[in-house]
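Report on the structure given below.
Just so it is clear, none of the values below were taken in a lab; they were calculated from the coordinates. Everything numeric here is computed off the predicted structure, so don't read it as measured data. A quick note on method: Cβ atoms are made from the backbone with ideal geometry, for glycine too, and the neighbour counts reach across all protein chains shown.
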Amino acid sequence: MKKKSREENRNGFFGDFGGSIVPPELADVLAELTDAFYEIKDDPEFLEELNYLFKDYVGKPSPLYFAKTLTEEVGGAKIYLKREDLNHTGAHKINNCLGQALLARKMGKKRIIAETGAGQHGVATATACALFNMDCVIYMGDVDIKRQELNVFRMELLGAEVKAVSAGDATLKDAVDEALKDFVQNADSTFYMLGSAVGPNPYPTMVKEFQSVIGKEAREQILEKEGKLPDYLVACVGGGSNAIGLFAPFVDDEEVNILGIEPGGRGDKPGENAAPLTYGKPGELHGFKSYVLYDDGDDVISHTHSIAAGLDYPGVGPEHSFLKDSGRAEYTTASDQEALDAFHLLSEKEGIIPALESAHAIAGGMKIAADLDKDQIVIINLSGRGDKDVAQIKELHENGKLK
């Protein structure tokens with residue numbers, strides 16, 4: 001597979017996807033951000049500080065754990081879990097937030113804004129802002145605030161102001177809308193710490209850069225443990241930051257299969273899922289081109305549904321769209337019920353409570369592992385821990401909404 005050049009990435013395109021479809025007042029701000037990012041990304045002093053924070057603050061490298069009991073339960077390939085849930089703040093999000101916080105400091109920006117769905121990016125943003133003494137504003141939909149109350153309290157404990165968004169579906173898409181409005185109005189003083197590999201250039205490339213530590217670690221670890229590369233990489237895909245972080249360092253290894261798991265929700269009709277790569281078509285959303293979910297027969301962006309707040313988004317990162325169309329990666333879905341079943345199974349068999357987002361990857365990873373030989377290897381990105389979801393699961397049990 002032909003490698004994309006640095007210049008192509010700098011322009012923000014992955015094949016036909018990506019770009020920067022924004023008003024002129026934001027274009028200049030993003031051009032400044034692009035220049036700053038490319039100036040700092042390979043700077044030895046910047047990398048030394050970032051790697052120090054990864055090691056001594058986040059606790060990296062995160063382990064690559066052989067899930068022996070889960071492997072035996074499935075009866076196929078060896079299943080390894082990349083334990084990003086063991087990072088400080090409980091998910092992969094902190095990797096990107098520390099990188100962007102160092103960039104914001106370099107640019108002289110003291111006010112940070114962010115969007116969040118499941119709250120893990122909000123917590124990681126608030127954590128980075130506390131560490132670097134920056135003002136922090138987090139936009140979060142009303143629906144997500146209700147189902148992620150614990151993470152909202154964490155953000156506030158860390159000194160962030162959480163702004164509720166009631167527009168639209170009051171979920172992640174609407175939080176992004178409000179954050180972008182704030183950014184346009186306050187760009188001179190504000191840094192927008194976008195949490196996923198979406199948005200206008202340079203965000204998808206920038207987020208991939210900071211999250212690729214996941215795949216770099218996994219590559220080194222699996223070679224040490226097994227002496228070969230995995231047969232499959234599996235990760236959940238909403239916007240797609242944890243997935244592109246795992247996938248990117250393996251894209252040129254054609255013997256490694258790449259599988260993204262989207263939220264299949266309750267069904268395949270508009271409004272029943274949040275799986276644009278499976279049910280959507282190319283379009284524009286939040287300043288970039290990617291696969292987008294639309295209502296049947298028109299170009300109105302669809303309502304979405306997922307039991308996992310962090311996956312409840314009608315678009316997807318442009319590089320995932322490119323990987324799908326180029327055939328380098330495959331994308332499929334796990335339903336709400338399949339994710340819940342995987343949530344319980346991993347908890348009971350391995351003593352690991354996964355985030356509902358990550359439970360989608362567990363569900364998809366188990367399916368593919370079951371069809372492989374015992375000498376084959378599947379790495380699943382366990383991108384977050386499930387503490388934040390326990391109250392939601394408990395309520396579903398009490399209301400009789402779980403099988």
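Worth pointing out:
- Working ranking of peptides 14-23, 186-195, 237-246 by packing, defined as the average number of other Cβ atoms within 10 Å per residue, highest first, is 237-246, 186-195, 14-23.
- When shorter helices are ignored and each DSSP H run of at least 4 residues is given -39500 (n - 2.57), the per-residue value for the chain at 222 nm works out to -13500 deg cm²/dmol.
- For Cys129, Cys236, order by how many other beta-carbon atoms lie within 10 Å, fewest first: Cys129, Cys236
- Label-to-label distance, His397 versus Lys374, with points set 7 angstrom from Cα along the beta-carbon direction: 3.4 nm.
- Over 24 Å between alpha carbons, listed pairs Lys60/Lys109; Lys216/Lys289; Lys55/Lys163; Lys82/Lys228; Lys173/Lys208: Lys60/Lys109; Lys216/Lys289; Lys55/Lys163
- Computed label-point distance, nm, for sites Lys55 and Asp253 using a 7 Å Cα→Cβ extension: 2.3
- Taking only the C-alpha atoms of the chain, Rg followed by Dmax gives 19.4, 56 Å.
- Placing pseudo-labels 7 Å out from each Cα toward the beta carbon at His88 and Leu150 gives an inter-label distance of 2.1 nm.
- By the Cβ distance rule (another cysteine Cβ under 4.7 Å), the unpaired cysteines of the chain are Cys97, Cys236.
- Alpha carbon centroid spacing (whole Å) that separates the range 234-299 from the range 82-102: 22
- Highest-first packing order for the peptide set 341-350, 317-326, 296-305, 157-166 is 317-326, 341-350, 157-166, 296-305, based on the mean count of other beta carbon atoms within 10 Å.
- Segment Asp28-Asp135, length gained on full extension (0.36 nm per residue, minus Cα span): 36.2 nm
- Share of pairwise Cα separations in the range 254-328, more than 15 Å, in percent: 52
- With only the Cα atoms considered, the range 118-179 has a convex hull volume of 62 Å³ per residue.
- From the alpha carbon centroid of the range 342-403 to that of the range 126-197 is 27 Å.
- Across every pair of non-identical alpha carbons in the range 324-382, the mean reciprocal distance, once inverted, gives a Kirkwood radius of 12.3 Å.
- Put a plus charge on the Cβ of each Lys and Arg, a minus charge on the Cβ of each Asp and Glu, and nothing anywhere else: the dipole of the range 159-288 about its Cα centre is then about 220 debye.
- Student exercise, the range 223-319 dipole from Lys, Arg, Asp, Glu Cβ charges, in Debye to nearest 20: 240
- Between amide H atoms placed 1.01 Å from N, distances below 5 Å from Ala329 occur with Lys324, all of them 5 or more places distant or on a separate chain.
- Relative contact order (percent, whole number), the chain, Cα cutoff 8 Å, 6+ residue spacing: 20
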